[in-house]
Each structure stands twice: as structure tokens, then as C-alpha cells.
Amino acid sequence: MSGIPAEIQDVGSTAQKLAQNPAFDPLRAGLSTEDYFVWSRFDGTTSLKDLLLMTGFPVEHAIAIVKRLRGLGAILLPGENPQTMAARAKPPEAAPARPASQPIAKQPPRDPDPPTVPRARTGPIPQQPRPPSSPMPAQPPPPDPPTTLDNPTAEEKAALAEASELGAPERTLILAMQRRMKLGDPWALLGVPRGSDKKALKRTYFKLSKDIHPDRYYGKKLGSFAARLSEVFEAISHAYADLTEDKTDERPMNVHDQQAQTPAEYATELFERACAQEVAGAPAEALKIFDAAIRVDGQARYLKRAAGCALAANEPRVAEDYAKKAAALEPQDPSTQRLLARAFRAAGKLPLAEEVLLMAMQIRTENDVLAKELRTDLAEVRRLLARSQGY
Amino acid sequence: MASDKVIGIDLGTTNSCVAIVEDGTPVVIPNRGGYKTTPSMVAIAENGKRLVGHIAKRQAITNAENTVFAAKRLIGRKWGSAAVRTSLETMPYRIVEGPHDDVRIMLRDQVFSVPEISAFILQEMKLITEEYLGEEVQKAVVTVPAYFNDAQRTATKDAGRIAGLDVIRIINEPTAAALAYGFGRNIERKVAVYDLGGGTFDISILEIGNGVFEVISTAGDTFLGGEDFDRRIIDWLVFGFQKEHKIDLRKDKMALQRLKDVAEKAKCELSSVRETEINLPFIISTGRNEALHLQTTLTRDKLEELTADLVDRTVDICAKTLEEAEIQKSEIEDVILVGGMTRMPRVQQVCAEFFGLEPCKGVHPDEVVALGAAIQGSALTDEKNDILLLDVTPHSLGIMIVGGYFHKLIEQNTTVPTSKSHVFTTVKDNQTSVKILVLQGESDRAEENELLGEFVLTGLRRAQRGEVEVEVTFHISADGIVSVKARDLETGLEQSITVTATSGLTEDEIKKMIDANKDYMIEVRSGQEFDKARHGAERVLDEVETLFPQVSEIISGSDFGQDAVKKARGVVERARTAIANRDLTSLNDATEALSRTLNMFRGVVSKTRGPG
């Protein structure tokens, strides 16, 4: 079927603008998510033809839904009102059998959207196995945040008494959390047993956030607690991030660590040392170490940094070599192409620099600043070219 | 008088939508015509009148050069950016360079900044709400694409200010969608929001639990949206026509506008049918005054072929985002589709294939963002709403260090509020001051990142390089406001700034625009008030004029009666004149007099009816 019919049986002309029947209760009628969605599109000012094109469902499917809605008395033709509908409405039909689809579960009145229920797949989609999602925590609930503050210090007493729109329980909580911060132990800060798993950590973090995040007290005059809140939230946020970070690619903190370094770790160490040398004003030294790092791990980031360093060390050929390799690895990164153009320029290869810049400018980038820099570079290169071509 | 309520506005590239939380339920506010979305279009008509929304869209073809659409692609952009260059080539309205390397738009003989244009649309959404609620609103939460940088966000906030709105928060569109999806439901899961709208593509990964919505990672492409899909169709039509008639339709602005309209329509239709007719009679005339027609058929397969790389690009971005967030596809339990383009079957299919599950269709792709914005507005201001959004900074922040490199202090996708400190040293002997350039972006080179602000810390001790230590602390508030502090660790001397990127407008310019708009707002309001007064007056006028002949007959017998009739006629004249001049004050006065006249008339008539 390649078009919208001019007429639909039992409904009439598709040029009509139908509206929802305000007396119709969608929840009790057992509508499916799709039925509800289509029903929600009826606003009295859109023609049926337009509506059928707007739903995003195949036309036949949309028409079937419209017919069903009409049959249930859910929609009104122009000129009809709920009274006339009540007269002609049939009792709600049982939802027609559809594979794996369920009627809307009972929801509290304020929930506007029906929950997502497992739906039949419309095509062969490879379904990845998923762990069952638990709507209710199977584990013990996260520990409650601290509610008492023993032996308040003078500073704490002052804070508890100061003029602030924050209530006493909240102030106590924040001051107690600030105490925990002093312990320097992320587990104690979050209040979870050491070694708790990611899920438990997340639950605790979320629960604490609700009481600690500054947004919770938006618009209130907080006095000294504004800064305290921010401080405490940042602390728990960092603690959560640290404790849930994947440990597998963490570098050894201690250079005398007994564990063997992987090549990647070694390369990182070399790279950092090279950067430090460069920044300290010893580019020639740095270049040697960059070279070593790249030999272990030839990633684009190291190559780019090395190229930049080579330019600073007045080694254009070396810079060109590194830049070419980096550009080959990141052909779609205008920044890398720009670096290559700089290297060509330093090597006196102006036509090549111009070419690279022009092509780099064709790459679409988020970065307006970079786009501008490319144009500036191009103008400069062209100026030099004009001069070198001489008069 | 003004309400404390906060509205949520989805300021879209193609369409905008406004919502509010009413008695604990978020609802979209329809406009007078019953529409739940309003086209993001602004035009200046021939008589100089400003048109916004549906009206602007309806006259877009005949007034193409003076109708602005997709202003969102230009907001906060620098003049030299790729977005501006593309728009210069494809937009029928005039785009010119502004004084601060920014962008201005010329309509008829007026020049507008882009935030001003967006302000007109925001103003329209404000009026829609006020008509619905019957009270003034001043606060709003406005959404932006996740990938918008600081300049684009600031420009959006400026637009709100010009429109008379206090934008209390800017949140990302996919985040807003997740809020609407999870509102009122007790769920604990990781979700992906796939947002393919009119102008931009955004993908966000969020973790929801216990009413807390945590953004884990967010990325996007501001050059990828429905407009790009339209452009592929236009290019295909133009190319075919060019082959046959050797004419480039894009050179004719009217033709281009009609092509744009028909391309968008065809694209939407092909979501439901397998092929659609494209019919453009009299699309252009040849040199010999001969009219040419364009008629062809576009199939769904062909459209998918033309746009395959665009759809693939969204998948690439999804893959990269998951990788950076270190999350497996299998951990995502729901995919929420947002934006009109997600109605395209191929997009849904590709999405389902990538994530390995059917995307959630229980949310309305055009309304969900506004609903989410309204929910966040309510969460911030209503005690009873305890939803919490843990948002992230979308771009890395750092400073420039020696060598012109960019040292990141706060990584992209870090939860806010957040602080980070780092100790730096001097690079020259006897260096007594250090310049801090605050930058935002991901490039290694400082000059390729966006400069948010700069300041200088002076009074450092004279010493060998590397001996003096300066601690730089970055802080980002929950509001997204960046402040930077630099402290000489030895003397304790401190210097700090709160940084905001410039949107290309100075404070003075913004103030001028707000004032100019205030006048317009008053004018519009009294327009509404005037209409109400007019209806009231006309009702009384009708009755007075109906009774006039009878009354005249009854009382003209006496001198006083004749004078009274003359006066009554004068009152009617005054009322009619006030209506013709749209003079609200005079009309109110005249209506008062009319009511007295009517009272008198009724009295006269009922006296004579009398008993018997």
C-alpha cells in the first residue's frame, strides 16, 4: 500500500479532523502502548490523513489502530460529543492477541507514560544476553547517612546556629560528612563496608547525593553551608569515582613497585618524562625520550607531541616524519593535519602545507577556534608562497 | 502577579516545545491553535511586522529571504566556523559578519544577532504559556544539544534574557529526555538516549536509580540532523534536474525554498510509505520565459541509500561514546529515541541492531525534551519533587602551559559540581607574574581550544625558574559556572575570576535588546488586552444600538430627552473611534460611559413596558 486511502471503513473521510473523547478512559480500556500513542496524537486540528503519516507506524498498522480506537469510542468525529459516543460505543473489546505484548500495568495516576514492557521483536534482531534488571534492590538497602554529631566543636556549634535556610537535620548531616572527610578514607566517607561491590557503592552514592547535592537546596540562602555542600558533594563524587574506577589499566603508583610494568605503562612513563623535559626547556633531551616512548608505543598522541617538540628543537625533518605518521593514524582530525602543515612549513615545503591545510578545512569540526586557526595558517602560507614566488 | 512556576523549553532547530509540571504531572502546553510544537521560525513581513512560529512558516516560501529558520545552527558560532560557511551557501536569508567575529542576520533592513532571533521564539513560547496559565511566567529551564560549547550555551541564556526569561538552568537535550522517561517510575538501570533532531545528533549514557539521574557520558555531532537528511534529497533532486535541463535550481532562492519544503515532506512520508511522489510545477523558468516542472518519485530505498553514511555516523559516535565511558552494549537496558528523525525506519533499525534491543517507543520524540526540562525546573524549585540530576561538564577545562600546550585540569564528562587543583611552576628565572589562560576543549594545543577567560597573578617571589609554585584551582558549580583561582603557595596571594565565554554580544548590546523587546512585549500584551476590551465594548454597543430607535422615540419628546439622545450618540461615536484607533485607554473610558448609557436605555424601555 503506497498511499493513504481517502476513506476508512467505520471512520469516514481521512480529511476529517478527529479529536479525543474526553469521557474515554484509556487505562481501563486496556490499550497497548501503541494504541495509546496513536490516541494521544488526536488533537482535533490535525486531519486523519496527516495523522496517519505522522505516527511513524506503517500505514496499515496505523489504520488498524485508528479503527480499533473508533470502535472503543475513544475518538470523536467532528460534530460528535461524549453523549452521542456513549450511545453508540461498544463495550471495550479484549485486547487482540499479540505476541508477548501486555496491557498497561496499573500505574499511579500521575504517571503519564506507560512502562516499557517486553515487546515482540519485529525482525531478527540479535538479542544480547542481559543480566536480569531488578526493579527492587535484592541486596540490603544502602546505609543511612549520618544523623548525629557528637561533641560539636566551637566552629560546628557556630555553623549549627548561624542564619541559614537550612534545617537542623541537614546541617548536622553536612557537618558530620565534613568530619568523615578528614578521615581520608573513601569507604568511610561513603559509609560502606570496605570492598563493597560497584552496585552497593552506586546505591550509596545516589542516596547520599540526594541529601548533599547543591541542587537539592536550590534558591535557598545557605550561609556557610553553600560552600560546605559543594565541598562534601565533590568529596563523595570523587570517592565514588575512585572506588569504582577500573583498576586494570592503572599505572603503578610507586616506581619501585615490584610488579612488572606492561609495555604500555612503560611507554606512558617515558612519555611523561619527555613532556616534563620539554616543558622544562630541554627539547633536544625531550626528543630522545619521545623517540624511546614511540618505539614502544607508536600511538598518535605521542607522535603529535613529539612532532611539536621536534619543531621546538629546530628539527623539521624529524617533525615531518612524526607528523606524517600521526596524520596517517588520524586522517579525520583537522588538528593533526594542521600539525602536519606546520611541519611542512618548517621544512620549507610550502605548496604541500597549503594542500594539507585546504584539505583539513574540508573536514567538518565542532571546533570553531580550530577552523579559524586553519584559515589563519592558510593565509599565512599563501602569503609566504606569493613572496617566495618572487617578483 | 508573576508566577513562581518554571517552564521547560525545548528550543529546537526546526520546532520548539514548552511544558510545565502541573499538580505533579508534566504536560506540554499547546498554543492557541492547539499545536503542541511551534516552528522555530522568525520572519519580517512586508509591512514590517514580526512573525513567529506557524505564521512565519506559512509565509516562508513567498518571503524566503526574510524568514529565518535553523538559527540554532548559528547561535554562539564564530564567523569563520564551518557551520556559518555552510549556512551562507544554503540559507535563503542574509547572514553577515558581526562586530565581534560573530554572526548577524539581515531581515529587510534590520540587522539581528542570533540570540535575538532565538529570543523571539522563546518569547512566543512564553506567551503561549501565559495564555494557558493566565499568569506571567519568568523562569525557565532551556535545553541545548549535549555537545554545545560554552559560547553556544551562553548565547542561549542571553536569548532567554532578551525574551524576558530568567533561564535558571541549561540542560542537555538527551538528559532531559531521560528525566521524562524515568519520571514517576521506580527504576534502576542504565539507559542510552539517542537524539537525532533537526540539526544535531546527541548520544548520552545515563544511570538511573532512586530518583537520581547520573550522566555517565555524552557526545554528539552538531552537523548531523534532519536538515542534513533533507539536503541529501535536495541535492539528488537538483542533480537530476541539472542533468536534464542544465539548470542549477539552487541558484534560485524560491526554487530552493520549495525544494526544501518538499524534501522535508517526502522524508517524513517515507517513514510510513515505501514511495512518494515529488511534484514541483513551475519550479523555475528558463531564459525564454518557459516554465519547467519537476516531477519524480522517491522511494524509501533510495532515501536510505542517499543518507546511509549519515546514519552510520551516528552509530560510530555511539560506539565511541560507549568505549570512552567504558560501558558494554549489554549493560544498556533501554534505548530512548528522541527527535523527529528517529521516526525513520532505517534509523530505528540501525539503532536496534547496534544496541541489540528494541528502542523504547513509549515517549513522544517531539515532546519528551520539553517535558524533561519542565521536570528539572520543578525539581529545582518544588519541595515535593525530589528528582536529582547529576550532570557533567561536556568539555574538558584547563590552562595553557609553556610550549603552547593545553593542560587539562577537569576532564570531559566529570560530574558537577567539581573542583580540581594542580601546582604549576615558573618557567623563567625571576618570573614575577604568571598569566592564566582558561580554556575549554579537547585539543592538545591551547590555541585550538576555546578561550573562556584570562587573568594574571602578580607579585611572585624572584627566584630561579621552577622554584616558585602556583596552585591553580578550577571549580565548576552545579549551574555549570566556571571559576578559576590561582594562589602563590608561598605568599598565599590569590587571584580569581568567574569565567563565561562571550556569546559575541557585549553587556550593553544585550541590555539594549532586552529594552527593545520589553516594548514589544508591552505592545503585544495590550494587543491581547485590547481585544478583550473590544469584545466587551462591542457587546454593549450591540445592545445600545438595538435599543436606540425605541429609546429615541420614547424620550425625544422633551429637550432633556433630545440632549440625552445626543449624548448617547456621542458615547457610541467615542467607543467606535477608540476601537478603530486601537486605543485601549480611550476604549476603557468609553465602555464605562456605554454601560451607563445602556443602563439608562434599559430603564427607559422597561418603564414604558410597565404594567398592562
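Here, each number is a calculation from the coordinates, and none is a lab measurement. Keep in mind it's a predicted model, so treat the numbers as computed, not measured. As a convention, Cβ positions derive from the backbone with ideal geometry for all residues, glycine included, and neighbour counts pool all protein chains shown.
Within straight-line reach of B:Lys361, meaning a Cα separation under 15 Å, sit the following aspartates and glutamates at least 8 residues removed in sequence or on another chain: A:Glu34, A:Asp35, A:Asp113, B:Asp195, B:Glu333, B:Asp334.
Loop-located trypsin sites (Lys or Arg not before Pro) in region B:395-428 (DSSP state other than H, G, I, E, B) with a sparse environment of at most 12 neighbouring Cβ atoms within 10 Å: B:Lys428. Computed from the Cβ-Cβ distance with R0 of 45 Å, the FRET efficiency linking B:Glu131 to A:Lys324 stands at 0.10.
Does the protein assembly as shown classify as rounded, prolate or oblate by the C-alpha gyration tensor (a ≥ b ≥ c root eigenvalues; a/c under 1.5 gives rounded; else a/b over b/c gives prolate, otherwise oblate)?
prolate
If you take all other residues with their beta carbon under 13 Å from the beta carbon of B:Met254, and give Lys and Arg +1 and Asp and Glu -1, the sum is +2.
Each of A:Glu231 and B:Asp583 was given a label point 7 Å from its Cα along the Cα-to-Cβ line. The distance between the two points is 6.6 nm.
Please give me the summed charge of the neighbours of B:Ser16: other residues whose Cβ is under 9 Å from its Cβ, Lys and Arg +1, Asp and Glu -1.
-2
Taking every DSSP beta bridge that has both ends in the protein assembly as shown, the antiparallel portion is near 80%.
P(r) tail for region A:272-388, what percent of Cα pairs lie past 17 Å? Of all Cα-Cα distances in region A:272-388, 55 percent exceed 17 Å. Rg then Dmax, both in Å and based on the Cα atoms of region B:131-279: 20.4, 63. Stokes-Einstein diffusion for region A:207-365, with the hydrodynamic radius set to the Kirkwood value over Cα pairs and evaluated at 4 °C in a medium of 1.567 mPa s, equals 68 µm²/s.
For chain B, adding -39500 (n - 2.57) for each run of n ≥ 4 DSSP H residues and dividing by the number of residues yields -13500 deg cm²/dmol at 222 nm. Set the Cα radius of gyration of region B:259-321 against 2.2 N^0.38 Å, with N its number of residues, and you get 1.53.
Calculated on the Cα set of region B:392-499, radius of gyration then Dmax: 13.6, 41 Å.
Take every pair of alpha-carbon atoms less than 8 Å apart whose residues are at least six positions apart; their mean separation over the length of region B:334-463 yields a relative contact order of 17 percent.
Report, please, the projected area of region B:1-114 averaged over directions, based on the convex hull of its C-alpha atoms, in nm². Walk me through the numbers on the way to the answer.
Working: hull surface 37.6 nm².
The Cα convex hull of region B:1-114, projected and averaged over all directions, gives 9.4 nm².
Within region B:209-259, the trypsin sites (Lys or Arg not before Pro) that combine a DSSP coil assignment with at most 14 other C-beta atoms in a 10 angstrom radius are B:Lys246.
Could you give the angle, 0 to 90 degrees to the nearest 10, between helix B:368-381's Cα long axis and the longest principal axis of the Cα atoms of chain B? The answer is roughly 90 degrees.
Here the label points at B:Arg85 and B:Lys265, each 7 Å from Cα along the C-beta direction, are separated by 3.4 nm in the simple model. Over region A:154-246, what portion of Cα pair distances is larger than 15 Å, expressed as a whole percent? Result for the distance tail: 58 percent.
Rg and Dmax, both from the Cα atoms of chain B and both in Å, are 30.2, 117.
Geometric descriptor of region A:317-384, per residue, is 65 Å³ (volume of the convex hull of the Cα atoms). Listed by chain and number, the aspartates and glutamates placed with their C-alpha closer than 12 angstrom to that of B:Lys57 are B:Asp261; residues fewer than eight positions away on the same chain are left out.
A simple spin-label model places the labels of B:Asp235 and B:Ala308 1.5 nm from each other, with each point 7 Å out along Cα-to-Cβ.
On C-alpha positions alone, give me the angle between the axis of helix B:226-245 and the longest principal axis of chain B, in degrees, nearest 10. Compared with the principal axis, the helix lies near 80 degrees.
Given R₀ = 56 Å, what would the calculated FRET efficiency be for B:His293 paired with A:Asp185, taking r from the Cβ atoms and rounding to 0.05? Result of the calculation: an efficiency of 0.10. Rounded to the nearest 10 degrees, the angle from helix B:114-133 to the longest Cα principal axis of chain B is 50 degrees.
Between beta-carbons, use under 14 Å as the cut-off and find the net charge around B:Thr143, counting Lys and Arg +1, Asp and Glu -1.
Numbers: positive: B:Lys72, B:Arg153, B:Lys157, B:Arg169; negative: B:Asp10, B:Glu173, B:Asp195, B:Asp202, B:Asp366, B:Glu367, B:Asp391.
Net charge around B:Thr143: -3.
In chain B, Cα pairs under 8 Å separated by at least six residues give a relative contact order of 12 percent. Straight-line cross-link partners of B:Lys139 among the lysines, defined as a Cα under 25 Å from its Cα and at least 8 positions apart when in the same chain: A:Lys210, A:Lys220, A:Lys221, B:Lys5, B:Lys36, B:Lys72, B:Lys126, B:Lys157, B:Lys384, B:Lys511, B:Lys512, B:Lys518.
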